[in-house]
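Remarks on the structure that follows.
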Amino acid sequence: MDIQTQLKLYYYPNNASLAPHFLLHHVNANYELVLVDKKSDAQKSQSYLALNPAGRIPTLVVGEQAIFESAAICIHICELFPQYQLMPTLGDSNRPLFFQWLMFLTNTLQAQLMVRYYPHRNTEQQSDIFSIVSAQEQRIIETLAIINGQLAKNRYLLGDKLSACDYFLFMLAEWSFPLPSSTSFPYLSQYLERLLCEPTIQAVCEIEGIDIALVQAKFHGI
Ligand SMILES: N[C@@H](CCC(=O)N[C@@H](CS)C(=O)NCC(=O)O)C(=O)O
């Protein structure tokens, strides 16, 4: 892409902006980070809603164009920087699998995590909250079991090559762990351990103030 084009990522640390942030860093993009202060509900301000009517984080602005939805933003970054091959090209047999896994992550695991973390949005009865959270944790575990199965034979989600799906999964795994002590996903754990060594993951965690030692401890169920 034209390196003069201004890229702005509206983010909040360790939110759904994390995966797009990994990608922008991985492709050496010249980007600006704009903090959306979630503590003061800045994602619901008139100026932010003008960019993202859903009032959610993240938003990516490319030149004059604003786009929202984390997975869509990730695909857009992959396409703006094709030389980094974070997404298989048209005709590559892994391309449909890229879409399959990215959609599975965002439509299933991310959606389940949203219910887990915002249970009050899914009921009008305060007394339901505990039950929603515990039922949802079971659903998240079922989803992680499918992912663990895929990683039993593959170094990365798509095989032997890192893709945007892996950065997306890292973000969601970070929100999913720790799991109940009886649950273990050995292939997923080994994979996350490998991803923790990726320079982009280390650098972006540092920028966002995410303590990598703490993340590692969470992955180990501590
Ligand atoms: N499907 C959206 C979900 C984004 C989302 O829910 N972001 C959360 C932070 S992780 C947020 O903005 N929460 C604040 C709110 O809902 O008001 C995406 O992937 O971009």
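The values are calculated or read from the model by the stated rules, or taken from the named source; none is laboratory data. Quantities reported herein were computed from a predicted structural model and do not represent experimental measurements. In this analysis, Cβ positions are derived from the backbone assuming ideal geometry, glycine residues included, and neighbour counts consider all displayed protein chains.
When each of LEU33, LEU86 is tested for being away from the ligand (no atom under 11 Å from the Cβ), in a loop (DSSP other than H, G, I, E, B) and over 22 Å from PHE177 (Cβ atoms), the lone residue that passes is LEU86.
For segment 137-158, the candidate set comprises residues that are under 21 Å from MET87 (Cβ atoms) and within 19 Å of the chain's Cα centre (by Cα); within that set, the residue that is surrounded by the most Cβ atoms within 10 Å (Cβ to Cβ) is LEU157.
Sort out which residues of segment 179-196 are crowded, with 16+ Cβ neighbours inside 10 Å, of a type in the set (Gly, Ala, Ser) and over 18 Å from the mean Cα position of the chain (by Cα), and write them in order of number. Scanning segment 179-196 gives no hits.
Going by the structure shown, is MET87 among the aliphatic types (A, V, I, L, M) and surrounded by fewer than 18 Cβ atoms within 10 Å (Cβ to Cβ)? The answer is no for MET87. Output yes when any residue across segment 76-83 is free of Cβ contacts under 8 Å to residues at least 60 places away in the same chain, surrounded by 18 or more Cβ atoms within 10 Å (Cβ to Cβ), within 17 Å of ILE207 (Cβ to Cβ) and of a type outside the set (Ser, Thr, Tyr), and no when none is. Looking for residues that are free of Cβ contacts under 8 Å to residues at least 60 places away in the same chain, surrounded by 18 or more Cβ atoms within 10 Å (Cβ to Cβ), within 17 Å of ILE207 (Cβ to Cβ) and of a type outside the set (Ser, Thr, Tyr), one finds none in segment 76-83, hence no.
Residue-by-condition table, conditions (1) within 9 Å of the ligand (Cβ to nearest atom); (2) assigned to a helix (DSSP H, G or I); (3) in the same structural domain as LEU144 (by TED's automatic domain parsing):
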residue	(1), (2), (3)
ALA50	no, yes, no
ALA54	yes, no, no
ILE67	no, no, no
ILE73	yes, yes, no
HIS76	no, yes, no
PHE99	no, yes, yes
PHE104	no, yes, yes
THR108	no, yes, yes
